[in-house]
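The values are calculated or read from the model by the stated rules, or taken from the named source; none is laboratory data. Please read these numbers as outputs of a predicted model, since none were measured by experiment. Positions of Cβ are backbone-derived with ideal geometry, glycine not excepted, and every protein chain shown enters the neighbour counts. Ligands, DNA and RNA are stripped out before the accessible areas are found, and what is left, the full protein with its side chains, is counted by its heavy atoms. Shrake-Rupley method; radii C 1.70, N 1.55, O 1.52, S 1.80 Å.
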Amino acid sequence: MTEYILEHDKGVIIATYSKGGKLKRLDAKKGFICDAKGYVFAQEEKDIEREFWKPYHKQKDPFFSTAQSYWLSSYKERTELSYRFKPQCGKALKEIGKHLTEISGNTEQALQTWYHLCKKWNTLPDFYRNKPELTFVNSQLNTILNLLKNGKQTSETASCSAADDLRRSFQS
């Protein structure tokens with residue numbers, strides 16, 4: 001399969017050709033296919049207008065493979081079991097990478113944050129620590145990052161009762 005990309009003023013289209021050279025699929029990555037008026041969608045790969053259509057190579061996510069290896073090794077280290085990596089886990093890890101890259105500014109910083117999260121997993125409260133699934137981590141990412149950054153957040157009433165319990169133990 002060969003893919004070609006057409007970038008025009010209203011969008012981006014990917015054309016996929018089979019090994020036999022026949023047009024298999026058109027995908028609008030940005031905009032709509034109907035916006036590409038005036039461009040020819042060649043039915044055979046040999047007829048492509050090379051001045052408009054350029055070979056397309058998917059870019060690998062720079063965060064994904066490194067973050068996956070961090071997660072798998074830290075999981076094995078914590079549980080002494082291998083992690084069952086499902087398609088949902090891959091999607092969740094990509095979303096985690098996207099969010100961490102947004103908040104840290106670049107991929108390298110996002111990987112450092114992920115590495116820190118993996119190494120400090122055992123310091124999280126039981127509720128989070130006992131659910132080491134990437135889909136759960138993705139859904140609770142803001143809370144987990146806050147807990148790792150600022151520690152456990154307690155309400156005033158909880159801290160008051162803890163202080164009262166401590167005072168009582170000294171009085172006895």
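Points worth noting:
- Per residue solvent-accessible surface (Å²) - the range 1-135, probe of 1.4 Å: 67 Å²
- In terms of the mean number of neighbouring beta-carbon atoms within 10 Å, the peptides 128-140, 70-82 order highest first as 128-140, 70-82.
- Residue-wise HN-Hα couplings along the range 78-90, as the Karplus relation 6.51 cos²θ - 1.76 cosθ + 1.60 with θ = phi - 60° gives them from phi, are 6, 10, 6, 10, 8, 7, 8, 8, 9, x, 5, 5, x Hz; Gly and Pro carry x.
- Table column - 3J(HN,Hα) (Hz), the range 96-113, Karplus curve with 6.51, -1.76, 1.60, x for Gly and Pro: 4, x, 4, 5, 5, 5, 4, 7, 8, x, 8, 5, 4, 5, 4, 5, 5, 5
- Applying 0.36 nm per residue to the separation of SER104 and SER82 and subtracting their alpha-carbon distance, the gain on full extension is 5.0 nm.
- Global geometry of the range 1-69, whether rounded, prolate or oblate, following the gyration tensor of its Cα atoms and the 1.5 cut on a/c: oblate
- Sulfur and carbon atoms: percent of accessible area, the range 1-74 [1.4 Å]: 51 percent
- Per-residue HN-Hα couplings for the range 17-29 [Karplus 6.51, -1.76, 1.60; θ = phi - 60°; Hz; x = Gly/Pro]: 10, 6, 4, x, x, 8, 5, 9, 7, 10, 10, 8, 7
- Radius 14 Å from Cβ of LYS91, net charge of other residues (Lys, Arg +1; Asp, Glu -1): 0
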